Amino acid sequence: MNKVIHTEKAPAALGPYSQAIEANGMLFVSGQIPFVPETMTLVSDDVKAQTRQSLENVKAIVEAAGYSMKNVVKAGVFIKDMNDFAAINEVYNEYLGDVKPARACVEVARLPKDV
C-alpha cells in the first residue's frame, strides 16, 4: 500500500499531487520550488538561496518519511538558465556531495510560479 507523505516543514503542493509517496520501501519526492513553507513565497532572487531552499524542502520531506539525504539515490534538477549550473552545484554539493546520487539536470523554459 502506498503512503502519502506530508509535512508542514515544506511548501504545500501547488496542484493535485502529494509532497511525496512511499511505495514498496522507496520514496518518491515531488519537485520542490524555492518557496518558504510558512509563507508560500519565493525565498529570494538569488540562485544559491533558491537552490538551498529547494533542497531544505526536499530534506524536510525526506526526513518526514523517516529517511535522510544519505538515502537519496536519484535526483532530477530543472533549471531555467544553464549558466547557473556551477552555482547550483556548489549548494547541491553541501547536501548531497558525499552521497553522489545519479542525477539529470535539464534547462527548461519555465517552472511553476516562474521561479
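What follows is calculated from the coordinates using simple rules that are stated; it is not laboratory data. Note that the structure is predicted; figures quoted are calculated from it, not measured. Please note: Cβ atoms are built from the backbone with ideal geometry, for glycine as well, and neighbour counts cover all protein chains shown.
Taking the stretch 64-77 as the range and being surrounded by fewer than 15 Cβ atoms within 10 Å (Cβ to Cβ) and touching a residue at least 12 places away in the same chain (Cβ under 8 Å) as the test, the residues that pass are Lys70, Asn71, Val73, Lys74, Gly76. Note on the stretch 19-53: residues that are hydroxyl-bearing (Ser, Thr, Tyr) and either in contact with a Gly (Cβ under 7 Å, 6 or more places away or on another chain) or under 23 Å from Lys3 (Cβ atoms) (or both) total 1. Of all residues in the stretch 1-29, those that are under 17 Å from Ser68 (Cα atoms) and touching a residue at least 24 places away in the same chain (Cβ under 8 Å) have Cβ atoms under 7 Å from Cβ atoms of residues that are outside any strand (DSSP E or B) and aromatic (Phe, Trp, Tyr), 6 or more apart or on another chain, in Leu27/Tyr67.
Could you tell me which residue of the stretch 78-93 is surrounded by the fewest Cβ atoms within 10 Å (Cβ to Cβ), considering only residues that are in contact (Cβ under 8 Å) with a residue 24 or more places away in the chain and either under 14 Å from the mean Cα position of the chain (by Cα) or within 17 Å of Phe28 (Cβ to Cβ) (or both)? That would be Phe78. Scanning the stretch 47-102 for residues that are farther than 17 Å from Pro112 by Cα and acidic (Asp, Glu) yields Glu56, Glu63, Asp84, Glu90, Glu94, Asp98.
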